[in-house]
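Read the structure below first, then the notes.
The values are calculated or read from the model by the stated rules, or taken from the named source; none is laboratory data. Note that the structure is predicted; figures quoted are calculated from it, not measured. We place every Cβ from the backbone using ideal geometry, glycine too, and count neighbours over all the protein chains shown. Heavy atoms of the whole protein, side chains included, go into the accessibility calculation; ligands, DNA and RNA do not. Shrake-Rupley method; radii C 1.70, N 1.55, O 1.52, S 1.80 Å.
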Amino acid sequence: MIGLGSGVMEIALRHKTNAYRVVYAVEIAGTLWVLHAFQKKSKSGIKTPNFEVDLIRDRLKRLRQELLQ
């Protein structure tokens, strides 16, 4: 996923006619952390909605802060 830094990946899955996204961060304290998972509702385009990206960005920031304490 572009713009969230290194180690942040996205898995895009299809199931029948639905699309799902799972965004996770790796190599944080040697653990795989799932930051957000959602069903993509938009039928046009592949861009992840801004509110979803903002939520992921906020969760990643809070996770890094928590682990560095």
query = Is it the case that some residue within the stretch 48-66 is out of contact with any Gly (no Cβ under 8 Å at 6 or more places or on another chain) and at positive phi?
reply = no
note = Scanning the stretch 49-59 for residues that are modelled with pLDDT under 90, open to solvent by 80 Å² or more (accessible area, probe 1.4 Å) and not hydrophobic (A, V, I, L, M, F, W, C) gives 50
remark   = Flagged in the stretch 11-48 as surrounded by 15 or more Cβ atoms within 10 Å (Cβ to Cβ) and within 8 Å of the chain's Cα centre (by Cα), in numbering order, are 21, 23, 24, 25, 35, 36
Matching residues in the stretch 1-54 - criterion: being touching a residue at least 40 places away in the same chain (Cβ under 8 Å) and under 18 Å from residue 67 (Cα atoms) = 4, 5, 8
